[in-house]
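These notes are about the structure you will find just below.
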Amino acid sequence: MIMGGKGNFMYASRSLVRLGLLCSLAAPQVAFALTGNLQGEVRQLLLPGSECLEIGGDYQAFRIEATERGKTPYVCFSSQRRNVLRFFDVAIVATNAGVGMQTLDFEHEFLTGPQGIVYAEVQLGGFVASGSGAAVPSGSRVSFTGYFRQRGSGDRIGEGLRQEVADTVDSALLDKTTREQYLAGGSRQLRAVLRFSFESVGDKIVLGPETGVLVTGVKELIERLGELSTTGGFVPPQPGGNAFPQ
């Protein structure tokens, strides 16, 4: 009886181990999922194979909506040829002005990507507009910072991109880039932190499709800069399609 009890115990133990293994294999693998913190509201990309996190909705002091009717505001990642974390069709509208800086914080871990000497870039494009569309939204502020992290060590990419809207129309245009060189090997994390404040309800920030953080190799950087000079930009995400150029 003792031996039988021991045998039953060992069989039960092995069954539990197999069950635990099957459960772990069946569970969604979210360790490297794209995660966003939108002024305290956390969203995470959980669907297998998906590359875009929808961020539209009403938040404490602002609303995120699409730049055009029929589109959806996304933050997307891609690992094809380079690592990219980018905003698409995003407009941020003030619903409560004078509350100070608000923060959108996104992070994704890339298991593969360019190796050796790489360039990490932060790009901020778009414009700031008033609710009426006539006046310049002076006093509105925007900052965009990218971070590159590998093997537990993180670094801010170049200088943080900052802009405060003054009384001139030119000051409401967002067109800034910073770049840093790294020696990369293995997995790495990219983080994008957008901070902003508004002076008046209805004022908004419209982000261009170039807004994002990316890591690219030297050859790919030269090719991409050549493509931008001739084609003018990136392909936005399409339903069921690839959000990024090959």
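The values are calculated or read from the model by the stated rules, or taken from the named source; none is laboratory data. Everything numeric here is computed off the predicted structure, so don't read it as measured data. Cβ placement follows ideal geometry from the backbone for every residue including glycine, while neighbour counts extend to all protein chains displayed. Note: areas computed on protein heavy atoms with side chains; ligands, DNA, RNA excluded. Shrake-Rupley method; radii C 1.70, N 1.55, O 1.52, S 1.80 Å.
Would you mind telling me the share, in percent, of accessible area of segment 47-192 contributed by carbon and sulfur at probe 1.4 angstrom? Show your work: numbers first, answer last.
Working: 3020 of 6740 Å².
That share works out to 45 percent.
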- Message: Quick check on packing: order 140-146, 159-165, 196-202 by the mean number of other C-beta atoms within 10 Å, highest mean leading.
- Response: 140-146, 196-202, 159-165
- Item | Linear extension gain, GLU41 paired with ALA66, 0.36 nm per residue minus alpha-carbon span | 7.1 nm
- May I ask you to rank SER171, SER132 by accessible area, largest first, using a 1.4 Å probe over the protein chains only? SER132, SER171
- At 0.36 nm per residue, minus the direct Cα-Cα distance, what do ARG149 and VAL201 gain on full extension? Give it in nm, one decimal, please. 15.1 nm
- Message: Highest mean first, how do 111-124, 179-192 rank when packing is the count of other Cβ atoms within 10 Å averaged over residues?
- Response: 111-124, 179-192
